[in-house]
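**Q** To start, I am sharing the structure in question, which I have written as structure tokens.
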């Protein structure tokens, strides 16, 4: 969360977002059909959502196991310094770190790391541990790997 001002979304915007989160490859004609707009209106909606910073990008969802990353882990890092240059350098150089979140509490950062196997995970965590104290949890399974963002209820 960045603290930026909220972008005003109407119910059609929310339907557009839901459809694109499910399948970002929809044609504008199909998207429009699904949300009750013409292709041009759907194109304009998506452009407005992109320009407004609501849609940050379009990505392919990759099955980590199918591409050789059989281990997913959550690494919590206690970073002893307020100078984050070393951390940012490690994030830049280590492509197996998929996400990094600055958090409250005893730990400073939570990282999601993909590894080929346990030996690879040990090597990756060792590199991260050079920055500070770590605690690692290996993911057994992901009953909810991600969720479509919907309009707030209430």
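The values are calculated or read from the model by the stated rules, or taken from the named source; none is laboratory data. Computed from a predicted structure; not experimentally measured. Please note: Cβ atoms are built from the backbone with ideal geometry, for glycine as well, and neighbour counts cover all protein chains shown.
**Q** At least 2 residues that are within 17 Å of residue 150 (Cα to Cα) in each: list the helices (runs of 4 or more DSSP H) lying fully within the stretch 1-100 that qualify.
**A** Hits in the stretch 1-100: 11-22, 28-35, 39-51.
**Q** With the condition kept exactly as written, say whether any residue in the stretch 81-90 is closer than 30 Å to residue 16 by Cα and either over 17 Å from the mean Cα position of the chain (by Cα) or not assigned by TED's automatic domain parsing to the domain that holds residue 18 (or both).
**A** Taking every residue of the stretch 81-90 in turn, none turns out to be closer than 30 Å to residue 16 by Cα and either over 17 Å from the mean Cα position of the chain (by Cα) or not assigned by TED's automatic domain parsing to the domain that holds residue 18 (or both).
**Q** Also, I was wondering about something else. Do we find a residue being surrounded by 11 or more Cβ atoms within 10 Å (Cβ to Cβ), in contact with a strand residue (DSSP E or B) (Cβ under 8 Å, 6 or more places away or on another chain), within 30 Å of residue 96 (Cβ to Cβ) and at pLDDT 95 or above anywhere in the stretch 42-56?
**A** no
**Q** Is there any pair with a first residue in the stretch 11-38 that is in contact (Cβ under 8 Å) with a residue 40 or more places away in the chain and a second that is outside any helix (DSSP H, G or I) and surrounded by 14 or more Cβ atoms within 10 Å (Cβ to Cβ) whose Cβ atoms are under 9 Å apart and which are 6 or more apart or on different chains, and what are they?
**A** Hits for this filter: 13/54; 17/9; 17/54; 17/55.
**Q** Can you name every residue in the stretch 99-112 that is modelled with pLDDT of 95 or more and surrounded by fewer than 15 Cβ atoms within 10 Å (Cβ to Cβ)?
**A** 99, 101, 102, 103, 104
**Q** Looking only at the stretch 103-154, count every residue that is in contact with a strand residue (DSSP E or B) (Cβ under 8 Å, 6 or more places away or on another chain) and touching a residue at least 60 places away in the same chain (Cβ under 8 Å) and tell me the total.
**A** Count: 6.
**Q** Given the criteria under 25 Å from residue 22 (Cα atoms), surrounded by 13 or more Cβ atoms within 10 Å (Cβ to Cβ) and out of contact with any strand residue (DSSP E or B) (no Cβ under 6 Å at 6 or more places or on another chain), does residue 64 qualify?
**A** Taking the combined requirement at face value, the residue does not satisfy it.
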